[in-house]
Structure formats: C-alpha cells, structure tokens
Amino acid sequence: MHLVSLAVTDFRNLADTVIEPDPEGTTVITGRNGAGKTSLLEAAGYLATLQSFRGSPREALVRRGTERAILRAETRVADRTLTIEAEVSAAGRSRTQVNRQAVRRRGDLHDALRVTVFSPEDIGVVRAGPSDRRRFLDETLAVVDPKAARSAEEVDKVLRQRSALLRTAGRTLRADAAVTLDVWDARLEESGTRLVEAREHLVEQLAPLAERHYARLAGAPTPIGLAYQRSWTGPLLEALGEARDRDVQRGVSTVGPHRDELELTLAGLPSRTHASQGEQRSLALALQLAAHELATLRLGTAPVLLLDDVFSELDPLRSRALLEGLPPGQTLLTTAQPAPPEVVAAKVYEMADGGHVTTTGGDG
C-alpha cells in the first residue's frame, strides 16, 4: 500500500498543493516553519482516519476565507488503484468517498489507506493524562484491528447518549429515564467489554516490541512496563449498576473504558513522574515504533509512515535508532533543517508559503 499522489486545496494554510511521493522510499518535504509542511502530512492523515492527528476540529482545517477544503489521493493497493476524495466543510457536512462510494465510518478507509504518524507531540503519550494513552491504544487498534475500532466508535456513541440522559436527569432519575438508562448500560457493557478486551490484548502484544525498541533508542536494556488498568472490577454491567446513584448525582459516567488507564513504567518506576525528558521521549518513540511494527506484522505491509519534524527533537543517537527501527515502506518526512545523513531521500520537495512546492531532487 502506498500513496501515488496527494492533492490539497484550501486546507489549513495550503491553497493548492500536489505531490507524488516515491512509492517505496523516503520523500522529504523541506521548507521554513509555517510553510505548511505539517499541514500536508495532516491532509494525508485525514484521508486515512477522518480526523486530524493534531487533534484539531474540522473547522480549523479549512483555509481562512474559504468554506471548504478539498483533499484527493490516489493509492495503490496490490494491483488496484483507489481514489479517496474528501470535502472538509467549515460549517456544514463533510463528505468522503472511495472510488465514488460514500465513506460512512473510518473503517471504510482501512483497505484504501493506512498511516502511522510520528510527531514531537507524541511525548504526550507518556507525559500527559490517561486520555492520551487511551487515544494511542485506540488509534493503534484502528490500524491493526478495524473490528475493535468499531467497538470504540460504538462506546463513544453510547457514552454521549448516556451522559446526555444523566445531565437532563437533574440528580433525580424518573422511572422512564431509568428504563432508558438500562438500555444504554446494556449497550455499554457489550461494546465496552469488547473494546477493553481488545485494548488489553493489544497491550500484551506491544509490550515486548516496545521494550526492544526502547533498548535500542536508549543504548542499553531497560525494563519497561505496560499495564492496562480498568476503572471497574467484575462485569461492567454490575459496575454501572453500582455506580448509578453516583452517576446521577454527578451527571457523568464514572466507570467504563473512557476512565481506564495505561500505566507505563521505566525500570519499575512511573515514567510520567520519574523519567527524565530524554527517557520519556525515548519511551514515546518506542511505543510508536512498536505500533508501527505490529501493524506491519499484522497486515503484511507497512502503513504509510508520516514523520513530522521528529529529528528536531532527537539527538543523533536517537535519530539513527529511529531510522534503523523502521521496516521498509513509503515514508513522508518533513523537516525545516537538514535531515540526518542516514536519511536517503528518494524524492525531495521544497515548500514555499501557501503550499507551492518544487521538486529539488533526491538520492535514489
């Protein structure tokens, strides 16, 4: 699987940009800060996931002064060429199609384009709160296990409905509302249990891969731990029943997959509070490398790799270790400074303001 071409119109600060990445090697996109390099990778990521890997709302993706952004990519999957088209609306409904067929959920894109993203913000997986670690797990599941990803979508839907009901209850649950809450609890128990079991299985698979990658990044073997912690014990339906009075009083759902935690340890200590910044960054990279490797093993081919200015945050040792840990496949790499000498550029694009690009060469 690889990108044949990517065309972007009125996306972020990009007025009109077209690139044709090298199908198997590394395509380097250079330019000063603010030229739109990250936005170009973000557009590719959107076509694979229907969301921004920077966590931005859709209205922020449309260039100022315009009503909609248009994204178009051709991908090659085995012997098929697929066309993905997306219209991102600043105010109205956004639409996406694959070969002129409407995309209704992210899973519909799984066979057309898959991506793995590395960016400086990845350190949030270690340093930030539990929601960042849950998001990491669910983003990885979306690539390696689309069926589990559908459970995550169902959990989000049920939680929105359940929370809306709790808020309107006003700390007093009427009989009719209690019946409706029973329905949402049953649905949350079903989809939530599936999701959590998939997350736990994913953590088991990621742990040995992440430890191996961390040892290479850090230059020395170091025990790391990944432990999934549920926010309840026993069957989820029973836990929801026990928490009902508290949920009604607070107007929120206090137990469920949205309250779980992925605990990360380094040499037996919590990495969020006891690891140095360099150790945290190495652990974050190790987790992303493990996810990329697992996706490659599961799918038989590497996802398209999007490297967003990662080398600006890495010393030469970690830069080399990152590159050495990547399986073969298509890579799009942005940088405002010279890339490490280990990067062999098959194609190079120079980006100017507004997204105008020129091809400046390559090594292969």
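The values are calculated or read from the model by the stated rules, or taken from the named source; none is laboratory data. Since the model is a prediction, treat every value here as computed from it, not as a measurement. Cβ coordinates were reconstructed from backbone atoms using ideal geometry, including for glycine residues, and neighbour counts include every protein chain displayed.
Quick one: how many residues across the stretch 28-37 are at negative phi and surrounded by fewer than 22 Cβ atoms within 10 Å (Cβ to Cβ)?
Taking the stretch 28-37 as the starting set, the residues that turn out to be at negative phi are 28-30, 32-33, 35, 37.
Checking the rest, the ones that are also surrounded by fewer than 22 Cβ atoms within 10 Å (Cβ to Cβ) come to 30, 32-33.
Looking only at that region, the number is 3.
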Residue pairs meeting the criteria (Cβ under 7 Å; at least 6 apart or on separate chains; first closer than 18 Å to Leu294 by Cβ and part of a loop (DSSP other than H, G, I, E, B), in the stretch 319-345; second among the basic types (Lys, Arg) and modelled with pLDDT of 85 or more): Gly325/Arg216
Yes/no for Arg199 being in contact with a strand residue (DSSP E or B) (Cβ under 8 Å, 6 or more places away or on another chain), under 18 Å from Ala239 (Cβ atoms) and modelled with pLDDT of 95 or more: yes
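Got at least one residue in the stretch 228-243 being of a type in the set (A, V, I, L, M), under 25 Å from Val143 (Cα atoms) and over 21 Å from the mean Cα position of the chain (by Cα)? Outline the logic, then answer.
From the stretch 228-243, those of a type in the set (A, V, I, L, M) are 236-237, 239-240, 243; that's our starting set.
Then keep just the ones that are under 25 Å from Val143 (Cα atoms); that gives none.
Looking through the stretch 228-243, none of the residues is of a type in the set (A, V, I, L, M), under 25 Å from Val143 (Cα atoms) and over 21 Å from the mean Cα position of the chain (by Cα).
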Check on Leu202, surrounded by 20 or more Cβ atoms within 10 Å (Cβ to Cβ), outside the structural domain of Pro327 (by TED's automatic domain parsing) and within 25 Å of the chain's Cα centre (by Cα): yes
Residue in the stretch 134-155 that is more than 25 Å from Leu287 (Cβ to Cβ), basic (Lys, Arg) and touching a residue at least 40 places away in the same chain (Cβ under 8 Å) present: no
Qualifying positions in the stretch 29-57 - without any contact (Cβ under 8 Å) to a residue 60 or more places away in the chain and in contact with a Phe, Trp or Tyr (Cβ under 9 Å, 6 or more places away or on another chain): Glu42, Ala43, Tyr46, Ser52
Residue under evaluation His292, criteria (1) at pLDDT 85 or above; (2) within 29 Å of Val77 (Cβ to Cβ); (3) part of a helix (DSSP H, G or I); (4) touching an Asp or Glu at 6+ places or on another chain (Cβ under 8 Å), criterion not met: (4)
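Quick grid of which residues meet (1) among the hydrophobic types (A, V, I, L, M, F, W, C); (2) on the phi < 0 side of the Ramachandran plot; (3) buried (at least 18 other Cβ atoms within 10 Å of the Cβ):
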position	(1), (2), (3)
Ser319	no, yes, yes
Ala336	yes, yes, no
Pro341	no, yes, no
Asp353	no, yes, no
Val357	yes, yes, yes
Matching residues, the stretch 52-90, being more than 17 Å from Ala7 (Cα to Cα), buried (at least 17 other Cβ atoms within 10 Å of the Cβ) and not charged (D, E, K, R): Phe53, Ala90
Filtered residue count, the stretch 303-318, keeping only those that are part of a helix (DSSP H, G or I), farther than 16 Å from Tyr214 by Cβ and among the charged types (D, E, K, R): 1
Residue list for the stretch 205-238, filter: buried (at least 19 other Cβ atoms within 10 Å of the Cβ) and small (Gly, Ala, Ser): Ala210, Ala218
Residues of the stretch 245-290 satisfying the condition of being over 18 Å from Leu141 (Cβ atoms) and of a type in the set (S, T, N, Q): Gln249, Ser253, Thr254, Thr265, Ser271, Thr273, Ser276, Gln277, Gln280, Ser282
Output for the stretch 121-141, where each listed residue is among the small types (Gly, Ala, Ser), closer than 21 Å to Gly256 by Cβ and either assigned to a helix (DSSP H, G or I) or under 10 Å from the mean Cα position of the chain (by Cα) (or both): Ser131
Restricting the stretch 265-299 to residues that are in contact with a strand residue (DSSP E or B) (Cβ under 9 Å, 6 or more places away or on another chain) and over 20 Å from Phe118 (Cα atoms), the residue that is surrounded by the fewest Cβ atoms within 10 Å (Cβ to Cβ): Gly268
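With respect to Ala149, determine if the residue is assigned to a helix (DSSP H, G or I) and at pLDDT 85 or above.
Spelling it out, it is not the case that Ala149 is assigned to a helix (DSSP H, G or I) and at pLDDT 85 or above.
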Filtered residues of the stretch 223-271 (kept if among the small types (Gly, Ala, Ser), assigned to a loop (DSSP other than H, G, I, E, B) and in contact (Cβ under 8 Å) with a residue 12 or more places away in the chain): Ser231, Ala243, Gly251, Ser253, Gly256, Ala267, Gly268
Selection within the stretch 157-168 - in contact (Cβ under 8 Å) with a residue 40 or more places away in the chain and surrounded by fewer than 18 Cβ atoms within 10 Å (Cβ to Cβ): Ser163, Arg167
